[in-house]
Amino acid sequence: MEIPFEPVTIKNKELITSFTLPSDNRNCDYSFSNICSWRFLYDTEFAVVDNMLLIRFMIENKTKMVYMAPTEQKNLKHAIELMEADANKNDRELCMLGVTPEVKARLEEAMPGNFIYLSDRNYYDYIYLREDLATLKGKKYQAKRNHVNNFIKTYSYKYIEITPELVPECLQLECKWFRANSSDDDEKKLNDERRSMIYALNHFEELGLTGGAICVNHQIVAFSFGAPITHNTFGVHVEKADVNYEGSYAIINKEFATHLPEKYIYVNREEDLGIPGLRKAKLSYQPTILLEKSVAVKKLII
């Protein structure tokens with residue numbers, strides 16, 4: 001069977017999210033805005049077959065085809081068989097990314113002993129309770145409250161929602177952040193992130209993004225945006241701040257969580273990519289779930 005894969009575009013948002021939003025898979029890679037804004041790097045394609053969403057993309061400089069673990073639960077074995085046939089047709093083994101412990105358990109139930117699982121700590125998702133980020137209650141958040149309170153005492157600020165009209169100002173701050181943080185070692189990675197972010201900002205409403213910014217003296221000094229991953233989990237995709245304003249990261253984090261709808265119980269702030277400073281910062285907010293994500297490779301049956 002020839003699977004009718006096609007490139008992901010914004011026009012596919014409603015169809016793809018009809019599968020992802022009702023699910024309980026909080027993996028940030030299932031956010032449609034992530035899928036769409038990073039498609040330039042991965043040549044991401046999708047297909048809907050037998051009422052199942054299948055996603056494939058290219059990694060390692062577009063030399064290796066891989067698949068997202070399917071959201072399907074009832075017909076998981078059928079979905080795997082379809083993806084395996086597609087992989088074999090392209091002379092490749094079936095390799096799935098983003099396999100959470102829950103998905104792994106379902107895979108083993110449907111096809112026991114058929115996969116090898118490889119886990120990488122650098123790609124675990126940091127998931128928090130929205131209420132924790134919004135209130136910063138308790139001793140464990142004392143340092144965060146101090147940063148927030150110092151910012152409030154030092155600056156007269158207001159929180160504003162990001163609209164298409166504010167995008168140019170957000171891009172100005174991003175340019176300032178990029179100049180301050182780019183180096184030869186990570187220039188490629190930051191340029192890719194920048195391209196994804198600029199695309200997202202320029203298609204803010206079409207992607208269904210929600211964002212907020214901190215404004216001091218009519219100037220944006222921090223902003224954040226993201227989109228729903230599931231019906232109760234919101235993904236924060238980007239957070240940028242001017243560190244010359246002490247506490248700017250702490251205040252945008254708190255304010256953004258405060259202004260998210262209460263139906264989002266969880267906030268996924270994505271991976272740390274093995275960057276020491278980023279790992280320290282994300283751990284400091286005390287994640288409720290450190291979501292393991294594995295690569296699943298289908299064993300060759302001889």
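Points worth noting:
- Failed item in (1) without any contact (Cβ under 8 Å) to a residue 12 or more places away in the chain; (2) within 29 Å of Thr71 (Cβ to Cβ); (3) outside the structural domain of Asp29 (by TED's automatic domain parsing), with Lys188 passing the rest: (2)
- Just one residue in the set Lys263, Lys293 is free of Cβ contacts under 8 Å to residues at least 60 places away in the same chain and over 26 Å from Leu173 (Cβ atoms); that residue is Lys263.
- Note on segment 283-302: among residues that are assigned to a loop (DSSP other than H, G, I, E, B) and modelled with pLDDT under 95, the one that is farthest from the chain's Cα centre (by Cα) is Ile302.
- Count of residues meeting criterion [at negative phi, polar (S, T, N, Q) and surrounded by fewer than 18 Cβ atoms within 10 Å (Cβ to Cβ)] in segment 251-302: 3
- Residue match in segment 207-225 (condition: touching a residue at least 12 places away in the same chain (Cβ under 8 Å), in a helix (DSSP H, G or I) and either crowded, with 22+ Cβ neighbours inside 10 Å or in the same structural domain as Cys170 (by TED's automatic domain parsing) (or both)): no
- None of Lys280, Lys254 is in the same structural domain as Ser224 (by TED's automatic domain parsing), in contact with a helix residue (DSSP H, G or I) (Cβ under 7 Å, 6 or more places away or on another chain) and not in a strand (DSSP E or B) except Lys254.
- Glu239 fulfils the conditions (1) in a helix (DSSP H, G or I); (2) touching a residue at least 12 places away in the same chain (Cβ under 8 Å); (3) in contact with a helix residue (DSSP H, G or I) (Cβ under 9 Å, 6 or more places away or on another chain) except for a single criterion, (1).
- Among residues of segment 16-28 that are farther than 13 Å from Glu72 by Cα, those with a Cβ under 8 angstrom from a residue that is part of a loop (DSSP other than H, G, I, E, B) and polar (S, T, N, Q), sequence gap 6+ or separate chain, pair up as Arg26/Thr100; Arg26/Thr230; Asn27/Thr100.
- Applying the criterion of being buried (at least 23 other Cβ atoms within 10 Å of the Cβ) and of a type in the set (Val, Ile, Thr) to the residues of segment 231-250, the residue that is nearest to Lys158 (Cα to Cα) is Val236.
- Test: residue in segment 130-152 that is touching a Gly at 6+ places or on another chain (Cβ under 7 Å), more than 22 Å from Arg279 (Cβ to Cβ) and not assigned by TED's automatic domain parsing to the domain that holds His78: yes
- Among the residues of segment 71-91, those identified as exposed (fewer than 14 other Cβ atoms within 10 Å of the Cβ) and either in a loop (DSSP other than H, G, I, E, B) or in contact with a Lys or Arg (Cβ under 6 Å, 6 or more places away or on another chain) (or both) are Lys74, Asn90, Asp91.
- Entry remark, segment 86-110: residues being among the basic types (Lys, Arg) and either closer than 12 Å to Val295 by Cβ or not assigned by TED's automatic domain parsing to the domain that holds Val49 (or both) number 1 in total.
The values are calculated or read from the model by the stated rules, or taken from the named source; none is laboratory data. Computed from a prediction, not measured in an experiment: that's the story for all the values here. Please note: Cβ atoms are built from the backbone with ideal geometry, for glycine as well, and neighbour counts cover all protein chains shown.
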